[in-house]
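See structure below.
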There are 2 protein chains.
Amino acid sequence: MRLTKQRKIILERLKQSRSHPTAVQIYDEVRSELPNISLGTVYRNLDILSKEGMISKIETCGDQKRFDGIPDPHLHIICSRCGKVQDAPQEPDLDLDQLTRVETDFLITGVRLELLGVCPDCNRENN
Amino acid sequence: MRLTKQRKIILERLKQSRSHPTAVQIYDEVRSELPNISLGTVYRNLDILSKEGMISKIETCGDQKRFDGIPDPHLHIICSRCGKVQDAPQEPDLDLDQLTRVETDFLITGVRLELLGVCPDCNRENN
DNA sequence: CTATCTGCAAAACATTTGCTGAGCA
DNA sequence: TGCTCAGCAAATGTTTTGCAGATAG
C-alpha cells in the first residue's frame with residue numbers, strides 16, 4: 001500500500017478527530033488542505049485503511065457509515081435520532097465467553113455492543 | 001391505520017417467516033400473491049408496521065435493512081459476510097443497569113447487542 | 001519504470017417521495 | 001363520502017466503479 005498525499009492526510013485528520021465523522025464530513029475537512037481531492041478517493045481510502053486495520057468503520061449508526069481513527073474495539077454511544085457517535089468513558093465488563101456460548105450453526109466470531117441514546121443536540125430540538 | 005390487503009399480506013408473510021428478510025425479499029415473496037404490488041408500498045408498509053410496533057426493523061446487518069415479524073427484543077446472530085440474521089436459541093443474561101450507567105451527556109435509552117459470525121453458507125464458500 | 005493510485009463522471013443500489021386515482025371504514 | 005392508501009415513476013442519498021492520466025517507490 002502506497003502512502004499517497006491523499007491517504008496520509010485522510011489518516012492524519014481522522015486520527016486527530018474524536019467525532020467519528022462520515023465520509024462526506026472527512027471529504028469536507030480534507031478539502032481545506034487538498035481542494036481537488038474527490039469524494040471517490042476518500043471512500044476508496046477509508047475502505048483500504050479500514051481493511052488494513054489502521055482505522056475502523058462503524059456500520060451501525062444510520063444510513064451513512066462513520067469512521068473512527070482508533071481501530072481497537074471500544075464502546076460507542078450512538079444517537080438514535082441523528083447517528084452521532086461518542087466514545088464511552090469506560091469499557092463495560094462483560095463475560096464474552098458466556099455470551100458467545102450459544103447453540104448455532106454460525107461460526108461465532110464476536111459480539112457487537114453499543115449504547116443507544118439521544119444526544120444533547122437532538123434532545124434540545126425535539127422535546 | 002387501515003388494514004389494506006397489501007398491508008395484511010405483508011404482515012402475514014413476515015410473521016410466518018424466520019428468515020429476517022430484506023424489503024426486496026418481502027416484495028418478491030408478496031408478489032406471488034399480489035403481482036401488482038409496488039416496492040414503494042412494501043417500504044411504506046414496513047415502515048408503518050415497525051413504527052406501530054407490530055414488527056421490527058433491524059438496522060445493523062449491512063447495507064440493506066432487514067425485518068423481523070417478532071417485535072419484542074431478542075438476540076440476533078448476524079453473518080458478517082452476507083448479512084443473514086438468525087435468532088439466538090437463548091437470551092444472554094446481562095446486567096443492563098450496570099451497562100447503561102456511564103458518564104455521558106447523551107440520554108441513554110438502551111443497548112444494542114448482537115452476536116457476529118459467519119453463516120454456514122459463507123463458511124462453505126470462502127474457506 | 002510500472003503497479004498502484006487519483007480525479008472525474010457515471011453507475012449502482014437502497015430507500016423515499018410526489019402525484020393521481022382507488023378503496024377501506 | 002372522506003381520508004388514508006396504492007401504484008407508478010422520478011428523485012434522493014450514499015457508495016462504488018470504469019477509465020485515462022498521474023505518481024510513489
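The values are calculated or read from the model by the stated rules, or taken from the named source; none is laboratory data. In this text the structure is predicted, and so the values were computed from the model without any measurement. Here Cβ is always computed from backbone atoms with ideal geometry, including for glycine, and neighbour counts include all displayed protein chains. Protein only, heavy atoms only, side chains kept; ligands, DNA and RNA dropped before computing areas. Shrake-Rupley method; radii C 1.70, N 1.55, O 1.52, S 1.80 Å.
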Rounded to the nearest 5, the percent of DSSP beta bridges in the protein assembly as shown running antiparallel is 75 percent
Quick calc, the protein assembly as shown, dipole around Cα centre from Cβ unit charges on Lys, Arg (+) and Asp, Glu (-), nearest 20 debye, gives 1280 debye
With label points set 7 Å from each Cα along the Cα-to-Cβ direction at A:Asp72 and B:Asp97, the distance between them in nm comes to 3.1 nm
The farthest towards the positive end of the charge dipole of the protein assembly as shown, of the residues A:Ile37, A:Val111, A:Cys82, given +1 on Cβ of Lys and Arg and -1 on Cβ of Asp and Glu, is A:Ile37
When all Cα-Cα pair distances of the range A:76-125 are considered, the percent exceeding 11 Å is 74 percent
Output row for A:Arg2: copy-to-copy label distances, label 7 Å along Cα→C-beta, ascending, in nanometres, one decimal, is 6.0
With +1 on the Cβ of every Lys and Arg and -1 on the Cβ of every Asp and Glu, the dipole magnitude of the range A:76-125 about its Cα centre, in debye rounded to the nearest 20, is 320 debye
Asserting the computed 222 nm helical MRE of chain B (DSSP H runs at least 4 long, -39500 (n - 2.57) per run, divided by residue count, to nearest 500) equals -10500 deg cm²/dmol
Rounded to the nearest 10 Å², the accessible area of A:Met1 using a 1.4 Å probe with every protein chain kept is 120 Å²
Note on the protein assembly as shown: C-alpha Rg/Rh, Kirkwood Rh, two decimals, gives 0.99
The range A:73-90 and the range B:1-69 have their Cα centres apart by a whole-number Å value of 29 Å
A:Asp47 and B:Ser19 label points (each 7 Å along its Cα→Cβ direction) are spaced in nm at 2.8 nm
In nanometres, the difference between 0.36 nm per residue of separation and the alpha-carbon distance of B:Met1 and B:Leu39 is 11.7 nm
Within chain B, the percent of DSSP beta bridges that are antiparallel, given to the nearest 5, stands at 65 percent
As a Kirkwood estimate from alpha-carbon pairs, chain B has a hydrodynamic radius in angstrom of 16.3 Å
Rounded to a whole number, the mean other protein chain Cβ count within 10 angstrom for residues of B:13-25 is 0
Within chain B, pairs of Lys residues whose Cα atoms are less than 22 angstrom apart, provided they are eight or more positions apart or on distinct chains, add up to 14
